[in-house]
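*Asks:* Handing you a structure now.
The values are calculated or read from the model by the stated rules, or taken from the named source; none is laboratory data. Quick caveat, the model's predicted, so the values are computed rather than measured. Neighbour counts are summed over all protein chains in view; Cβ atoms, including those assigned to glycine, are modelled from backbone coordinates with ideal geometry. These accessible areas exclude ligands, DNA and RNA; they are computed on the full protein's heavy atoms, side chains included. Shrake-Rupley method; radii C 1.70, N 1.55, O 1.52, S 1.80 Å.
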Amino acid sequence: MPSRELRRSQYELEFEDGFESGELDTRRWLPYYLPHWSSRERSAARYVIEDGCLQLLIEADQEPWCPELDGEVRVSSLQTGLFCGAVGSMVGQHRFHPDARVREAQENVRLYTPRHGLIEVRGRAVADPDAMVALWLIGYEDDATRSGELCICEVFGRDVTPTEVGVGMGIRPFGDPNLMEDFTRVSVPIDAREFHVYSAEWTPERVSFFVDDEHVKTVAQSPSYPLQLMLGIYEFPADGERAGAYPKRFTVDFVRGYVPRA
């Protein structure tokens, strides 16, 4: 039976960003969202780092990241790896649309691509009904079937209340034939506008999910290959109409990755 207790003492820290320096550490993060399907300019994250926190922003003058294929969606996201083929090819991470082709040459890079361990983020969501914040992992996809998703937390602003929030978490196969869809939105009795820690314990057999070290879900399957981190805020305007106050913020105190102790 999976443990319902999060035991960090069984792990050793291998990746940590507490954003204390005031500048983004480009040895850890690429400040773009899937730029091969768009461009580095269109997919560039907007952010500030101050008071020891990263603030990923959606700003009023920000352009959609890939309007030809993803409409008016705007994104500010960081990722810890990038893989794609040549310009014009269909080879690339998270090919989200059948018409997607590589539009701009990219350097393939692996900054942090763990395989099993404990991954967590301490962050503060936004209650804006058009916004969503998330920490999720995707396959590096140097093999197209190694493309599963492991979502640690996905919080839509429309689900945020002062006493409760629906947190999306679980596994999605994307193009991995060995995984099955097991993604749910779990009701958690917290105010997600305040800081909370969202964690996933990823073993070869299963993935267990925690909020503030409290077990909330276990999935009895597991991606068997390296994944990269995707940390971002998204805006999905209702009927194409933008609303709410800007900037919209996903405030992150830290991101950590651990490996099991030998």
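*Asks:* Explain nothing, just the number: dipole magnitude of segment 101-229 about its Cα centre with +1 on each Lys and Arg Cβ and -1 on each Asp and Glu Cβ, in debye rounded to the nearest 20.
*Replies:* Using only the charged Cβ atoms, the result is roughly 200 debye.
*Asks:* Length gain on complete extension for the stretch His97 to Val73, per 0.36 nm per residue less the alpha carbon to alpha carbon distance?
*Replies:* Stretched out fully, the His97 to Val73 stretch lengthens by 7.3 nm.
*Asks:* Would you mind working out the magnitude of the charge dipole of the chain relative to its Cα centre, with +1 at each Lys and Arg C-beta and -1 at each Asp and Glu C-beta, to the nearest 20 Debye?
*Replies:* 540 debye
*Asks:* What whole-number value in Å² describes the accessible area per residue of segment 161-219 for a 1.4 Å probe?
*Replies:* Solvent-accessible surface per residue comes out at 45 Å².
*Asks:* Right, another one. Using just the helices of the chain, give the 222 nm mean residue ellipticity in deg cm²/dmol: DSSP H runs with n ≥ 4 each add -39,500 (n - 2.57), and the total is spread over all residues, rounded to 500.
*Replies:* Taken over the chain, the calculation gives -500 deg cm²/dmol.
*Asks:* With every protein chain kept in place and ligands, DNA and RNA left out, what is the accessible area per residue of segment 1-60? Probe 1.4 Å, answer in Å².
*Replies:* Heavy-atom SASA per residue in segment 1-60 reads 56 Å².
*Asks:* Just the number, please: carbon plus sulfur as a percent of the accessible area of the chain, 1.4 Å probe, no ligands or DNA/RNA counted.
*Replies:* 46 percent
*Asks:* Suppose accessible area is computed on protein heavy atoms with a 1.4 Å probe; arrange Ser9, Ser222 from highest to lowest.
*Replies:* Final ranking, largest accessible area leading: Ser9, Ser222.
*Asks:* Compare the Cα positions of Trp202, Ala127, Leu137 along the charge dipole of segment 123-216 (+1 at Cβ of Lys, Arg; -1 at Cβ of Asp, Glu; about the Cα centre) and return the one farthest towards the positive end.
*Replies:* Value computed over the given set: Ala127.
*Asks:* Here's something else I'd like to know. Describe numerically, in nm with one decimal, the distance between label points set 7 Å from Cα along Cα→Cβ at Val186 and at Glu59.
*Replies:* Between Val186 and Glu59, the simple spin-label model gives 3.6 nm.
*Asks:* In a Debye calculation with equal point scatterers on the alpha-carbon sites of segment 108-209 and no solvent, what is log10 I(q)/I(0) at q = 0.13, 0.15 Å⁻¹?
*Replies:* -0.50, -0.65
*Asks:* Starting from the 7 Å offset along Cα-to-Cβ, what nm value, one decimal, do you get for the label separation of Ala238 and Thr163?
*Replies:* In this crude spin-label approximation the distance works out to 2.3 nm.
*Asks:* Give the distance, in whole Å, between the Cα centre of segment 155-217 and the Cα centre of segment 1-35.
*Replies:* 17 Å
*Asks:* Pick from Leu229, Leu24, Leu82: which residue has the top mean-square fluctuation in a GNM of the chain where Cα pairs under 10 Å get a spring?
*Replies:* Residue with maximal mean-square fluctuation among Leu229, Leu24, Leu82: Leu24.
*Asks:* Let me ask you something else. Based only on Cα atoms, what mean projected area does the convex hull of segment 208-262 have, in nm²?
*Replies:* For the Cα atoms of segment 208-262, the hull's average projected area reads 7.2 nm².
*Asks:* Continuing with this model, one more query. Lys/Arg Cβ at +1, Asp/Glu Cβ at -1, dipole of the chain taken about the Cα centre: which of Phe250, Ile190, Cys84 is farthest positive-ward?
*Replies:* Working it through, the farthest residue towards the positive pole turns out to be Cys84.
*Asks:* Further question: Quick one: if you stick a label point 7 Å off each Cα along the C-beta vector at Val259 and Ala220, how many nm between them?
*Replies:* Taking the simple label geometry, Val259 and Ala220 are separated by 3.0 nm.
*Asks:* Let me ask something else about it. Over segment 1-119, one equal point on each Cα, no solvent: what is log10 I(q)/I(0) by the Debye formula at q = 0.10, 0.11, 0.18 Å⁻¹?
*Replies:* The Cα Debye sum returns log10 ratios of -0.40, -0.48, -1.02.
*Asks:* Once you compute Rg and the Kirkwood Rh from C-alpha atoms, what is the Rg to Rh ratio for segment 135-194?
*Replies:* 1.11
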